[in-house]
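Where a number appears in this text, it was derived from the coordinates with a stated rule and is not lab data. Just so we're clear, the structure is a prediction, and the values are computed from it rather than from any experiment. When we count neighbours, we look across all protein chains shown, and the Cβ atoms used for this are built from the backbone with ideal geometry, even at glycine.
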């Protein structure tokens, strides 16, 4: 399932973060990063998905 989230995070980073944490502060940080630059949004989304306790 994490692979699907990572693929979604590459295509649309805020959606990947939303699937992981919902409408929290990380979602809004990711929206801002994606607006400022697509690559920072991707990096942040993958970081959020990878550090999640559900990933274990």
Checklist entry - Rg (Å, one decimal) plus Dmax (Å, integer) for the alpha carbons of segment 12-51? => result 8.4, 23
Checklist entry - Can you give the calculated 222 nm mean residue ellipticity of the chain, where each DSSP H run of n ≥ 4 adds -39,500 (n - 2.57) and the sum is split over every residue, rounded to the nearest 500 deg cm²/dmol? => result -24500 deg cm²/dmol
Item to check | Relative contact order of the chain, pairs being alpha-carbon contacts under 8 Å that are 6 or more residues apart, as % | outcome: 37 percent
Item to check | Peptide ranges 2-8, 39-45 listed from the most packed, as the mean C-beta count within 10 angstrom indicates | outcome: 39-45, 2-8
